[in-house]
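Asker: Can you read through this structure? Questions will come right after.
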Amino acid sequence: MRSRQFRSTAASILLLALCAAVSTAAVQREIADNRHYRKWLDEDVFWIITDEEYAVFAKLSTDEERDAFIEQFWLRRDPDPATMENEYKIEHYRRIVYANEHFHAGIDGWKSDRGMIYIKFGPPDRKETYPGGGPYARERKEGGGMTAVFPFERWEYRNLPGIGDDVVLEFVDDKGGGQYELTWDNQRKDALLLSGLMGLTQDELEQEANTGYTNKQDRVARRRYSGEYKGIYSGMGGFESHRDKPFEQLILSAGISRPLSIRFKDLETAVSARVTYTGFPFDVRQDFIRITDQQVLVPITVLLANEHLTFKRSYGLHHGAAQIYGRVVGLGNRIEAIFEDEVARDFPPDEFERAKRHASIYQKRLILKPGLYKLELAVKDVESGRIGMTERRLEVPKYADGSLQLSSLILADRIEPDTEDRSLSSFILGDLKVIPKTDDAFRRTASLGLYLQIYNFALDQETQRPALKLEYAIAPRGSEPESWRDVSQLVHFAGQHCRFARMINLSRLEEGLHELRVRVTDAVSGRKVERIAVFRVTP
């Protein structure tokens, strides 16, 4: 079981250690009869599961709960829930296979230090390998000079999220047998470190030439600046970088060892505390699109008015940013999904005033099972520290076979063809980009976008196509429509569903609240369905 911080008294340590042992034993007994769960916990996700997730899994009592946990574990990490494949999960298992094939040496490759780093952070951006050891010219920050080394590898990462930039890791096989171990001592690879005056550094060679005397003991013991004549070790030759400082190495070691954690802890705390903040306003809406009978796509759209963001002048640009943290909680207060991201905007001075009148939009797409949930969302203005928070009911519909059904009526600011890489956009639905209107308020001079999908329709036996009649009408709220507009010719058949998308002109409407009514009739089955969406027309 992963380590925890205990109190310093011996009694507390003993008591908590006994409790931890009992808890661990209980967990193992619960899952001992099922090799699948034991392997998943102790092997598949050993390097990436957080302590909090481990604790939750330990409390589950049924296989159904464990299956649901595992499903949400991967969904939480899915970079693009809109796709059928979970790219993170696929890449994770690819890394395990790679580690087992390339890093095994008496133990499975995933258990090795190189396997741990590769599984958590992927392949390095640059790698140096010395599989046979032998002669080695030290870098100047290591003291310079020639020596002989054990087999070792040096991995370099340009950036590791949550850890930092320009991270260099060394793995040394100083015991033989191919068991490379991660080390923070760059002298560990030196095979001549304890071999008298062999393998001297450049500094030591220079002192020997100048004084006829040199001392390697200070370097071996890592004693710095030990005197003018006795010892010359002065911190890796005086050329060490910030990352090579002992304290920084400790920080790096701690960062490498822990699982990747939630980025915005202050927002997570705000959500957990169940306190409603109103210091930073934002709009949010959710919609529901069927994927399968048991999977529903739930786009969560957040709108941030630029005028509410705090901008700071930096490098000639006005820079503003907001952090977003959200989670979906199911029955029994079980966390079903967590997401976090940052929205950043930069404007040149000549565009800043105009840009402040507009807004920044963000969307996270979740995949949930039909059921009742609660959405908790917190948004923080990075520069000012103001936090806004909201909670809302999230009732994910069940799109069961047998009845004609519709998706959400998505009232959109824009609907346009998708002309860019889908992996770069969160607003793609099929072949269209749909930008929802979070406040459902539309100017008379603008158009209202309507997007919907139709499910569980019947097919004509001769044409093998649906025969759907789709009509819509707009009327002031509380009034019956005077007429309906038939737009059946605009319904697009897409196999498992039909799609309708259109921009509607609002110039003839009066200001105030209106109802958009949509009704669909299936001519083959005779079934009908009607939905209503309320919106406001503004000047």
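Asker: Tell me which residues, restricted to region 477-488, are at pLDDT 95 or above and open to solvent by 40 Å² or more (accessible area, probe 1.4 Å).
Answerer: The answer is TRP484, ARG485, ASP486.
Asker: Does ALA494 qualify as being open to solvent by 40 Å² or more (accessible area, probe 1.4 Å), under 38 Å from the mean Cα position of the chain (by Cα) and at pLDDT below 95?
Answerer: When the stated conditions are applied, ALA494 passes them.
Asker: Among the residues of region 345-358, is there at least one that is more than 23 Å from the chain's Cα centre (by Cα), touching a residue at least 24 places away in the same chain (Cβ under 8 Å) and closer than 30 Å to ALA467 by Cβ?
Answerer: Within region 345-358, not a single residue is more than 23 Å from the chain's Cα centre (by Cα), touching a residue at least 24 places away in the same chain (Cβ under 8 Å) and closer than 30 Å to ALA467 by Cβ.
Asker: Out of all the residues in region 497-522, which are under 26 Å from ASP431 (Cβ atoms) and touching a residue at least 60 places away in the same chain (Cβ under 8 Å)?
Answerer: Hits for region 497-522 are HIS497, ARG499, ALA501, ARG502, MET503, LEU506, LEU516, VAL518, VAL520, ASP522.
Asker: Here's a check for you: in region 510-528, which residue that is open to solvent by 30 Å² or more (accessible area, probe 1.4 Å) and among the hydrophobic types (A, V, I, L, M, F, W, C) is farthest from GLY402 (Cα to Cα)?
Answerer: LEU513
Asker: Could you tell me whether TRP155 is closer than 22 Å to LEU252 by Cα, surrounded by 13 or more Cβ atoms within 10 Å (Cβ to Cβ) and out of contact with any Pro (no Cβ under 8 Å at 6 or more places or on another chain)?
Answerer: Judged against the criteria, TRP155 is not a match.
Asker: Name the residues in region 165-213 that are more than 13 Å from ASP113 (Cβ to Cβ), within 37 Å of the chain's Cα centre (by Cα), touching a residue at least 60 places away in the same chain (Cβ under 8 Å) and surrounded by fewer than 19 Cβ atoms within 10 Å (Cβ to Cβ), would you?
Answerer: Answer for region 165-213, where residues must be more than 13 Å from ASP113 (Cβ to Cβ), within 37 Å of the chain's Cα centre (by Cα), touching a residue at least 60 places away in the same chain (Cβ under 8 Å) and surrounded by fewer than 19 Cβ atoms within 10 Å (Cβ to Cβ): ASP166, VAL168.
Asker: List every residue pair whose Cβ atoms sit under 6 Å apart, with the two residues 6 or more apart in sequence or on different chains, where the first one lies in region 441-468 and is under 21 Å from GLY402 (Cα atoms) and the second, anywhere, is assigned to a loop (DSSP other than H, G, I, E, B) and among the β-branched types (Val, Ile, Thr).
Answerer: Qualifying pairs under 6 Å: ALA458/VAL524; ASP460/VAL524; ALA467/VAL524; LEU468/VAL491.
Asker: Considering region 293-322 alone, what residues qualify as being open to solvent by less than 40 Å² (accessible area, probe 1.4 Å) and of a type in the set (Ser, Thr, Tyr)?
Answerer: If the condition is that a residue be open to solvent by less than 40 Å² (accessible area, probe 1.4 Å) and of a type in the set (Ser, Thr, Tyr), then THR301 is the only one that fits.
Asker: Mind listing just one residue for me: the one in region 134-152 that is at pLDDT 90 or above and outside any strand (DSSP E or B) and, of those, most open to solvent (accessible area, probe 1.4 Å)?
Answerer: Ranking the qualifying residues of region 134-152, first place goes to PHE150.
Asker: Being more than 23 Å from ILE335 (Cβ to Cβ), modelled with pLDDT under 50 and either open to solvent by less than 80 Å² (accessible area, probe 1.4 Å) or among the basic types (Lys, Arg) (or both) is true for just one of SER12, SER23. Which residue is that?
Answerer: Just a single option satisfies the conditions, and that option is SER12.
Asker: Further question on the same structure: Every residue in region 314-342 that is over 30 Å from TYR54 (Cα atoms) and without any contact (Cβ under 8 Å) to a residue 40 or more places away in the chain, please.
Answerer: Answer for region 314-342, where residues must be over 30 Å from TYR54 (Cα atoms) and without any contact (Cβ under 8 Å) to a residue 40 or more places away in the chain: SER314, TYR315, GLY316, LEU317, HIS318, HIS319.
Asker: I've got another one for you. Restrict the check to region 467-476 and report whether at least one residue is under 18 Å from SER408 (Cβ atoms) and either open to solvent by 50 Å² or more (accessible area, probe 1.4 Å) or part of a loop (DSSP other than H, G, I, E, B) (or both).
Answerer: no
Asker: Let me ask something else. Please work out if ILE335 is at pLDDT 90 or above and under 19 Å from the mean Cα position of the chain (by Cα).
Answerer: Against the criterion (at pLDDT 90 or above and under 19 Å from the mean Cα position of the chain (by Cα)), ILE335 does not qualify.
Asker: Name every residue in region 366-379 that is buried (at least 19 other Cβ atoms within 10 Å of the Cβ) and in contact with a Gly (Cβ under 8 Å, 6 or more places away or on another chain), in order of residue number.
Answerer: TYR373, LEU375, GLU376, LEU377, ALA378, VAL379
The values are calculated or read from the model by the stated rules, or taken from the named source; none is laboratory data. Computed from a predicted structure; not experimentally measured. In this analysis, Cβ positions are derived from the backbone assuming ideal geometry, glycine residues included, and neighbour counts consider all displayed protein chains. Just the protein is used for accessible areas: all its heavy atoms, side chains included, with ligands, DNA and RNA removed. Shrake-Rupley method; radii C 1.70, N 1.55, O 1.52, S 1.80 Å.
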